[in-house]
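First comes the structure, then the notes that go with it.
The values are calculated or read from the model by the stated rules, or taken from the named source; none is laboratory data. These numbers were taken from a predicted model, which means no experiment stands behind them. With ideal geometry, Cβ positions are generated from the backbone for all residues, glycine too; neighbour counts draw on all protein chains shown.
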Amino acid sequence: MAGQREEIEATLDPSDWGEIRQLGHRVVDDVSDYLQTLRDLPVWRPIPEEVRRQFKSSVPRKPEGAAKAYEDFRSHVLPYPLGNHHPRFWGWVNGTGIPIAALAEMLAATINNNTWGGETSPILVERQVLEWLKELLGFPQEASGLLVSGGSMANLVGLAVAVDAKAGFDVAEEGLSAAPKRLVLYASEEVHSSVDKAVRLMGLGFSALRKIPVDDEFRIDISQLERAIASDRADGLHPFCVVGTAGTVNTGATDPLNQLADIAQREGMWFHVDGAFGALSALSPALKQLTSGMERADSLGFDLHKWMYLPSEAACTLVRDSEAHRRAFSTHAPYLSKQEGGVTGTENPFNQYGIQLTRSFKALKVWMSIKEYGSDKFAEIIEQNVEQARYLAGLIEESSHIELLAPVPLNLVNFRFVAPGMSEELLDTLNQTLLVRLQQSGVAVPSQRLIKGRFALCVANTNHRTRREDFDVLVREVEKIGLELLGESETNPSITESATKPRSTWEAPGRGVIGVKGLM
């Protein structure tokens, strides 16, 4: 009313836009300096106790300010990340990140678009990204797709469509308990654990997943697969899906995808490919033959935040039959129904093709990165990573102290330090200790694998910042630490006596017992 004092309503926008602008400029400058000088920093470092204590304080009730929040990030967060952006990080299979994608993340957060659907430009961006990915990986134009958080979700989406399409009854309406025959699916024993999670979450149960032995190159054994399918049919079960892997997480092996596609077609089964990182080798003309047959898959899951170097989270599921894809996830909600000419006027919204309704604008970092570099540049770096892996394998073969434990078909190298006359159990313990010391040194971060029951150090090279000289450093450091441990074992029996402990643990110098599984 006239004459009354006007109330000032609260907002979370800054009272001084000049301050946030100044802080933003500083952040960009700091980030640029940080990325430019990464090579001079440790790859990884343990978090000191005094820093850990900073994360145990009570929730702030009063404002501390944006500048203070940023200073806390610089001092308590920035020095202690996983390190996968560093040139000598090769642990597990992690992407490195690229500057344009980091800026895209800020831009996506600025408009904060929920990409469930709707007549908005971010939906057009994601659709264009999906069209590009179909083109690059050989999927037909009429196929559908969805950007998701990672390979685990990509596999879950693809397998959920497989169940719905091949169960032989209305799964959505009746549930799996109505199945006249138990559904079973097949994958190699090297398949990623996300497939185990998917069968559990879908209610199929772990026992429904038939894990087929592999050959000497760690690829699924086709003859054993065919026998398993025939046996299950004879027992009255319903084989509905076969999962092929393009780039296994242990060795980088790729299953014979054309043969799997033939089997799936002959048996009336769904063919899903877990292409987590290996699928993107198809971008390279020199490597494309390794994934031959992948383009025949009914569904394909793969990560963009691994071998396309993007920040997490960015992955994709492509489905050949778009109607089967939509049918597996489609629901009706009046509040989301299409209204011609309004915000919900879009056709085929993304929430009808996956689990999430609220979805972040993941597509922007993919779109901007492809626009900046072009797909050929990504192919070049992928080829470079493979050549670097082969270079490392050559260094290992020349070493009298290190040996390869698996073939190197792609970009993963498994190896260990060896000592003449030492038992396999003692070698496992020695290499477990060596790995932790190497990681603690900050020089390099490989991770661990079990290869035919033996403990291995594994380099998974999905790093666009790596140079060959980094592998020279790695080999020298592995030899140095290994020889130091051998010398210590002569005067300190605990270095080798710890081999009598359970295989799931080892003693890390100065750190106590660390579980191997906890680091996988």
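Residue-by-condition table, conditions (1) assigned by TED's automatic domain parsing to the domain that holds Leu310; (2) in contact with a Cys (Cβ under 8 Å, 6 or more places away or on another chain); (3) of a type in the set (Phe, Trp, Tyr):
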residue	(1), (2), (3)
Leu136	yes, no, no
Phe139	yes, no, yes
Met153	yes, no, no
Ala160	yes, no, no
Gly175	yes, no, no
Tyr186	yes, yes, yes
Ser194	yes, no, no
Leu201	yes, no, no
Glu217	yes, no, no
In this structure, is Thr115 among the polar types (S, T, N, Q), touching a Lys or Arg at 6+ places or on another chain (Cβ under 9 Å) and over 30 Å from Val445 (Cα atoms)?
-> yes
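Can you name every residue in region 281-307 that is in a loop (DSSP other than H, G, I, E, B) and not hydrophobic (A, V, I, L, M, F, W, C)? Give the steps one after another, and end with the answer.
Of the residues in region 281-307, the ones in a loop (DSSP other than H, G, I, E, B) are 284-287, 292-293, 297-298, 304-307.
The answer is Ser284, Pro285, Ser292, Gly293, Asp298, His305, Lys306.
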From the list Glu135, Glu131, Glu173, Glu142, which one is assigned to a loop (DSSP other than H, G, I, E, B) and not β-branched (Val, Ile, Thr)?
-> Glu142
Out of all the residues in region 357-397, which are more than 21 Å from the chain's Cα centre (by Cα) and outside any helix (DSSP H, G or I)?
-> Leu357, Thr358, Gly374
So which pairs qualify, if the first residue must be in region 153-169 and basic (Lys, Arg), the second must be not in a helix (DSSP H, G or I), the Cβ gap must be under 6 Å, and the two must be at least 6 apart or on different chains?
-> Lys166/Phe240; Lys166/Trp270
Test Glu403 against the criterion of being in the same structural domain as Asn461 (by TED's automatic domain parsing) and either assigned to a loop (DSSP other than H, G, I, E, B) or charged (D, E, K, R) (or both), and give yes or no.
-> yes
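Yes/no per residue for (1) over 30 Å from Glu340 (Cα atoms); (2) in contact with an Asp or Glu (Cβ under 9 Å, 6 or more places away or on another chain); (3) of a type in the set (D, E, K, R):
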site	(1), (2), (3)
Leu133	no, no, no
Gln141	no, yes, no
Ala154	yes, yes, no
Val157	no, no, no
Ala160	yes, no, no
Gly168	yes, no, no
Ser177	yes, no, no
Pro180	yes, no, no
Which one of the conditions (1) part of a helix (DSSP H, G or I); (2) at positive phi does Gly252 fail to meet, given that it meets all the rest?
-> (1)
Among residues belonging to region 262-280 that are assigned to a helix (DSSP H, G or I) and in contact with a strand residue (DSSP E or B) (Cβ under 9 Å, 6 or more places away or on another chain), point out the one that is surrounded by the fewest Cβ atoms within 10 Å (Cβ to Cβ).
-> Gln265
Where in region 416-515 are there strands (runs of 3 or more DSSP E), lying wholly inside it, with at least 3 residues that are at pLDDT below 95?
-> 505-508, 512-515
Residues in region 164-179: is at least one closer than 28 Å to Asn250 by Cα and either of a type in the set (Val, Ile, Thr) or touching a Lys or Arg at 6+ places or on another chain (Cβ under 6 Å) (or both)?
-> no
Search region 227-252 for residues that are free of Cβ contacts under 8 Å to residues at least 24 places away in the same chain and pair each with any residue that is part of a strand (DSSP E or B) when their beta-carbon atoms are under 8 Å apart and the residues are at least 6 apart or on different chains.
-> Arg233/Pro239
Residue that is nearest to Thr358 (Cα to Cα) [pool: residues in region 142-178 that are hydrophobic (A, V, I, L, M, F, W, C) and surrounded by fewer than 18 Cβ atoms within 10 Å (Cβ to Cβ)] | Ala172
Checked against (1) closer than 20 Å to Ala246 by Cα; (2) free of Cβ contacts under 8 Å to residues at least 60 places away in the same chain; (3) buried (at least 22 other Cβ atoms within 10 Å of the Cβ), Phe139 satisfies every condition except (2)
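Determine, yes or no, whether Gly354 is touching a strand residue (DSSP E or B) at 6+ places or on another chain (Cβ under 8 Å), part of a loop (DSSP other than H, G, I, E, B) and either crowded, with 16+ Cβ neighbours inside 10 Å or free of Cβ contacts under 8 Å to residues at least 24 places away in the same chain (or both).
So Gly354 fits the description; yes.
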So which residues in region 383-412 are touching a Ser or Thr at 6+ places or on another chain (Cβ under 9 Å) and within 24 Å of Pro285 (Cβ to Cβ)?
-> Glu383, Gln384, Asn385, Val386, Gln388, Pro407, Val408, Pro409, Leu410, Asn411, Leu412
So which residues in region 179-223 are surrounded by fewer than 12 Cβ atoms within 10 Å (Cβ to Cβ), touching a Gly at 6+ places or on another chain (Cβ under 8 Å) and among the charged types (D, E, K, R), if there are any at all?
-> none
Within region 281-314, how many residues are farther than 30 Å from Glu105 by Cα and charged (D, E, K, R)?
-> 4
(1) surrounded by 22 or more Cβ atoms within 10 Å (Cβ to Cβ); (2) under 21 Å from the mean Cα position of the chain (by Cα) all hold for Glu295 apart from (1)
Just give me the residues in region 154-178 being modelled with pLDDT under 95 and closer than 16 Å to Leu209 by Cβ, in sequence order.
-> Leu176
